[in-house]
Amino acid sequence: MEDFVRYVKRTLVQLAGLAFFVTACLVLVGKGQYVSGWLIGCGLNLLYFIMLCSRSVKALKLDPAKAAAVIRGGSALRILMIVLMFIVILQFPAINYWAALAGILTYRILIYAQAIYTALSHGKNK
């Protein structure tokens with residue numbers, strides 16, 4: 001469980017750091033019109049990740065059949081939340097929905113980057 005908590009903390013810091021870094025880059029290159037969508041998407045992404053972690057901890061305490069049901073239910077709830085929030089975002093023309101979508105996808109980008117880094121670092125150790 002300590003490893004899981006360490007992973008969650010590290011990932012939250014990385015997601016927040018990535019959000020801050022990209023926000024700074026957008027402002028520096030004069031693309032401030034994308035910042036609101038980006039930050040809203042990143043906020044949704046953080047909420048999604050926290051909900052995912054909460055369900056995962058809950059599932060660890062259950063027997064396998066109940067754990068699978070909890071995970072499936074949580075997955076549907078998280079996807080529904082993202083879809084509904086994206087529909088709300090579409091109602092505000094000042095918010096760039098492509099930037100919001102990019103912010104929502106930052107967790108996936110981070111996971112792939114971590115996988116590539118792990119694969120490359122394991123390849124060097126051989």
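Of note:
- Computing P(r) over Cα pairs in 10 Å bins from 0, in percent for the structure here picks out one of (i) 12, 45, 30, 11, 2; (ii) 12, 44, 35, 8, 1; (iii) 12, 34, 33, 17, 4, 0, namely (iii).
- The listed residues MET51, MET85, once ranked by accessible area (1.4 Å probe) with the largest placed first, stand as MET85, MET51.
- Two-decimal Rg to Rh for segment 1-71 - Kirkwood Rh, Cα set: 1.17
- Percent accessible area from carbon and sulfur atoms, the chain, protein chains only, probe 1.4 Å: 73
- Cα-projected label distance for TYR97 with ILE79, points at 7 Å along beta-carbon direction, nm: 1.9
- Between segment 62-116 and segment 1-58, the alpha-carbon center distance in angstrom: 12
- Kyte-Doolittle at least 0.0, axis length at least 30 Å by Cα - qualifying DSSP helices, the chain: 2-28, 35-60, 64-90
- Å² of accessible area per residue within the chain, as computed with a 1.4 Å probe and no ligands counted: 67
- Annotation for segment 1-94: trypsin sites (Lys or Arg not before Pro) lying in DSSP loop with at most 11 further Cβ atoms inside 10 Å of their Cβ are LYS61.
The values are calculated or read from the model by the stated rules, or taken from the named source; none is laboratory data. Everything numeric in this text was worked out from a predicted model, so none of it was measured. All Cβ positions, even for glycine, are placed from backbone atoms using ideal geometry, and neighbour counts span all protein chains on display. The accessibility values were calculated without ligands, DNA or RNA, using every heavy atom of the protein model including side chains. Shrake-Rupley method; radii C 1.70, N 1.55, O 1.52, S 1.80 Å.
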